[in-house]
Structure formats: structure tokens, C-alpha cells
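*Asks:* Can you read through this structure? Questions will come right after.
The numbers here are math on the coordinates, done by the rules we state, and not lab data. Bear in mind the structure is a predicted one, so any value in this text is a computation, not a measurement. Here the Cβ positions follow ideal geometry from the backbone for every residue, glycine too, while neighbour counts run over all protein chains shown.
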Amino acid sequence: YSNEYPPKIRASRIGETGLNLSCVGFGASPLGKVFGDVSEEESIATVTQAFNLGINFFDTSPYYGATLSEKVLGKCLKALGAPRDTYIVATKCGRYAEGFDFSAERVTRSIDESLERLQLDYVDILQCHDIEFGSLGQIVNETIPALQKIKESGKTRFIGITALPLEVYTYVLDRVPPGTIDVVLSYCHYCVNDSTLEDLLPYLKSKGVGVINASPLSMGLHTENGPPEWHPASTEIKAACKAAAEYCKENGKNISKLALQYSLSNKDISTTLVGMNSVRQVEENVAAALELEAEGKDEKTFAEIENILKPIKNQTWPSATTNE
Ligand code: NAD
């Protein structure tokens, strides 16, 4: 990036979609105020700066802030005034503030509602949101076929699924025809405290499925301010992550930067979605990505962090109990 100003972050193809996603993606759940208040003005400035610095991928859901995230992201994208094919938008269906509904009827209506809120004619990726809360039989036999129809209609270019428990992915991917599901979105499983997604990468590759990795800061665990009230991790996980953040601070390092760099280090992961709600966070996260490319990881500090997190490494928290 030596001759470019501002320098642009790396982008790479995801799965077999042909989509070229920036390595840092913009998680838009904070625009729905799920991590605290953020004004519309700040949201627009944040998305604009992200786009100007090379972030071309924006992820939202009707669930985030009870549709607020989609509405605000729509305004922000409009404010960009950029050609539609210069940014990639993902949204979801099946999870709403009112609860879950993975029926064909609901998800088919959902995409129209999302497009209206986003002020778009199509999204690039439509994902079934947190499928472990639904019946996996219904996901395979009803929801995915409905999403395929939506894909055929042109309202989305690609389809995917999201879940916390990793075994859900193999359950679904083993039961749908090859090429049906374009991407999966996994979260909190490729972070400095939990890297269990790594074991699943060869399987996903063999299925031709692209990988979106979300929540590199483990939804706020790897920040100096700590996680929000609703964070589902155990007290033990929270305490260990707090200790790692404090260690970094005492040594003039920043846990958020290091945690993001950890997630960005795996080249088999096309993109990592970070939730951002300020221009400053965008600039810090893009700088972290550029610095990683130029200088590599700060191995000494990583070794210390990994040591502090060792007792809780790969521990997660319960999500829904899955049923078929
Ligand atoms: P995250 O790990 O990205 O953490 C977000 C938190 O970190 C926010 O409080 C944000 O303000 C803060 N932050 C970001 N950059 C920072 C920096 N440089 N310094 C200090 N703090 C910083 O968690 P997330 O937002 O939950 O995940 C990212 C995105 O991934 C979401 O917005 C969403 O789009 C997607 N996601 C999807 C699912 C799903 O589909 N089930 C689940 C989780 C996340």
C-alpha cells in the first residue's frame, strides 16, 4: 500500500462467492445502540470513515436494536453516495426483538422489510440468524429452501447461517445439497480466548463454504472498558479477560488492538467483523490491521496474554439447547 493514501486494508475472496471482502468488516450491531448510545451523526461519520479506509463489508440484522441497526445503516450507506457495487451488505432473518420465527412465510416477508429499512434493492448476503434457537429440521427443510427462493428472486446474492455452537454448522451442511449455503457466520470462536473455530475450517473449506468470523473482541471482553451488562460469559472468563486487559494497559499495550490482530492472523478466515460505534474505533482497528501486515504480531505480549487466559482457553457459554 506504499503509494496509496490513505492506505487500504487487505481484501480477499470468501468461499466460492467471488465477493471480495475487506479483512476487517463493519459489525453494525452497535448502530442499534446495543453497546451504548450513539448518535445518528456519529454513526454516519463512523461508516463513512470505515468505507474511506477500505472497509467494504457491513453486517446487520433486524434483531439489532429492534430494527434500529438496519435503519441507521441504511441512512449511513445512503450518505456515502458510493456506487452500490463498491460495498457489500449482509443482513439476517429469523431472529427479531419479538422472538424467533424461521418459517418460510416470515423470512420471505423479512427480506422485504430489511430492504426497505436499508433503502437497498438487494443485499449481498442473507443469513438465518442464530439457528440453534430454532428447529434444525425446519432450518434444513423449510428456511434454507425459502432463502434459496429469495436468492433466485435477486433480493440477495448469497445465503448463509449463523450460530454460536459450532456443531450446528456440520448438522446443517451435512443435510443440504452442496453449494446451497454460501457462507457461515461464526462468532466468539476465533478470539484470543477461544479459537475452536480453527478445527472446523478444513471441513468448511471442503464444503466450499466461506467463513465470516465475528466478535474478535468477544463482544467487549477484550476492551479496556470491559463487556456490557448482558454479556453471557461466566465470572471466571470475565475475570481472566479483565486481567489480560489490565496486563496490557500496565505495559503500554492495548488489548483490543492485540485481540483483533489475533483474529486477523488466520488467512483461512476471509473477514473478521468488529462492532464499531465511533470514528476513533474505526481508525484504531484499521491501523491494527495495517500494522499487523507491516510488522507482524507482538509475540512477546501475545505469549503473556495467552498465559493469563490459559485457565479459561476455549471455554464458552451456553446458547440454546439445540433440537431437531
Ligand atoms: P466485538 O467483539 O466486535 O466487540 C464490539 C465491542 O467492542 C463494542 O463495544 C465496540 O464499541 C468495541 N470496540 C470496537 N473496536 C474497539 C477498539 N478499537 N477499542 C475499544 N473497543 C472497541 O463484538 P460484536 O459487535 O458483537 O461483533 C461484531 C459484529 O459481528 C456484530 O456487530 C454483528 O454484526 C456480528 N455478529 C453476529 C452475530 C450473529 O450473527 N449471531 C453474533 C455476534 C456478532
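*Asks:* Once label points are set 7 Å from the Cα along Cα→Cβ at both residue 141 and residue 20, what is their separation, rounded to one decimal in nm?
*Replies:* If labels sit at residue 141 and residue 20, their model points lie 4.3 nm apart.
*Asks:* Arranged from highest to lowest average of other beta-carbon atoms within 10 Å per residue, in what order do the peptides 260-269, 31-40, 180-189, 227-236 appear?
*Replies:* On the way: 260-269: 19.4, 31-40: 17.5, 180-189: 23.4, 227-236: 12.6.
The peptides rank, most packed first, as 180-189, 260-269, 31-40, 227-236.
*Asks:* To continue, here is another question. Mind listing the phi-derived Karplus ³J(HN,Hα) values for the stretch 144-156, rounded to whole Hz, using 6.51, -1.76 and 1.60 with θ = phi - 60°, and x for any glycine or proline?
*Replies:* Rounded to whole hertz, the list is 4, x, 5, 5, 5, 5, 4, 4, 4, 6, x, 6, 9.
*Asks:* Can you list residues from other chains, or at least 5 along the same chain, whose modelled amide H is less than 5 Å from the amide H of residue 164?
*Replies:* Correct list: 132.
*Asks:* When the distances between all Cα atoms of the stretch 144-215 are binned every 5 Å from zero, what whole-number percent does each bin get?
*Replies:* Taking every Cα pair in the stretch 144-215, the percentages come to 3, 15, 28, 24, 16, 9, 4, 1, 0.
*Asks:* Moving to a separate point now. Among 97, 289, 239, which one moves the most in a GNM of the chain with springs linking Cα atoms closer than 10 Å?
*Replies:* 97
*Asks:* Between residue 108 and residue 319, what FRET efficiency comes out of the Förster formula 1/(1 + (r/R0)^6) with R0 = 35 Å and r the beta carbon distance, rounded to 0.05? Kindly include the intermediate steps, with their values, before the conclusion.
*Replies:* Numbers: r = 26 Å, r/R0 = 0.73.
Approximately 0.85, to the nearest 0.05.
*Asks:* Give me Rg/Rg_expected for the chain, where Rg uses Cα atoms only and Rg_expected = 2.2 N^0.38 Å with N residues. Display every interim value, and only then the final one.
*Replies:* Values: Rg = 18.6 Å, N = 324, 2.2 N^0.38 = 19.8 Å.
Ratio of Cα Rg to 2.2 N^0.38 Å: 0.94.
*Asks:* Please give me, ordered by residue number, the trypsin sites (Lys or Arg not before Pro) of the stretch 83-186 that lie in loop per DSSP and have at most 16 other Cβ atoms within 10 Å.
*Replies:* Details: sites: 84, 92, 95, 106, 109, 117, 149, 151, 155, 157, 175; in loops: 155, 175.
In loop regions of the stretch 83-186 (DSSP not H, G, I, E or B), the sparsely surrounded trypsin sites (Lys or Arg not before Pro) are 175.
*Asks:* In whole Hz, with x marking every Gly and Pro, tabulate ³J(HN,Hα) for the stretch 43-56 from phi via Karplus 6.51 cos²θ - 1.76 cosθ + 1.60, θ = phi - 60°.
*Replies:* 4, 5, 4, 5, 5, 4, 5, 4, 5, 5, 8, x, 7, 10
*Asks:* From the cross-link list 71/253; 151/207; 92/313; 75/253; 92/249; 71/238, which pairs have alpha carbons spaced over 27 Å apart? Don't skip to the answer; put the middle values down first.
*Replies:* Values: 71/253 36 Å; 151/207 19 Å; 92/313 30 Å; 75/253 35 Å; 92/249 36 Å; 71/238 32 Å.
Among 71/253; 151/207; 92/313; 75/253; 92/249; 71/238, the Cα-Cα distance tops 27 Å for 71/253; 92/313; 75/253; 92/249; 71/238.
*Asks:* Under the 0.36 nm per residue contour assumption, what length would be gained going from the current alpha-carbon distance of residue 149 and residue 45 to full extension?
*Replies:* On the way: separation 104, 0.36 × 104 = 37.44 nm, distance 3.58 nm.
Extending this stretch completely gives an extra 33.9 nm.
*Asks:* Relative contact order of the chain, please, whole-number percent, based on alpha carbon pairs below 8 angstrom and at least 6 residues apart.
*Replies:* On the way: 607 pairs, mean separation 67.7, N = 324.
Computed over the chain, the figure is 21 percent.
*Asks:* At 222 nm, what value in deg cm²/dmol follows for the chain if DSSP H runs of at least 4 each add -39500 (n - 2.57) and the sum is divided by all its residues, to the nearest 500?
*Replies:* Details: 10 runs with 118 residues, N = 324.
Helix contribution divided over all residues of the chain: -11500 deg cm²/dmol.
*Asks:* Turning to a different aspect of this structure: I want the local charge near residue 179. Using Cβ-Cβ distances under 11 Å, sum +1 for each Lys or Arg and -1 for each Asp or Glu among the other residues. Write out the running numbers ahead of the final one.
*Replies:* Working: positive: 207; negative: 16, 182.
Neighbourhood net charge equals -1.
*Asks:* Follow-up question, since we're still on this one. Name the residue from 197, 219, 209 whose Cα lies farthest towards the positive end of the charge dipole of the stretch 172-278, charges +1 on Cβ of Lys and Arg and -1 on Cβ of Asp and Glu.
*Replies:* 209
*Asks:* So how far, in whole Å, is the C-alpha centre of the stretch 201-237 from the one of the stretch 52-111?
*Replies:* A separation of 20 Å, based on Cα centres.
*Asks:* What does the highest-first list of 307-315, 46-54 look like by mean Cβ count within 10 Å?
*Replies:* Working: 307-315: 14.6, 46-54: 21.3.
For the peptides 307-315, 46-54, the packing ranking is 46-54, 307-315.
*Asks:* Can you put 219, 276 in order of Cβ neighbours within 10 angstrom, beginning with the fewest? Write out the running numbers ahead of the final one.
*Replies:* Working: 219 23, 276 29.
Exposure proxy ranking, most exposed first: 219, 276.
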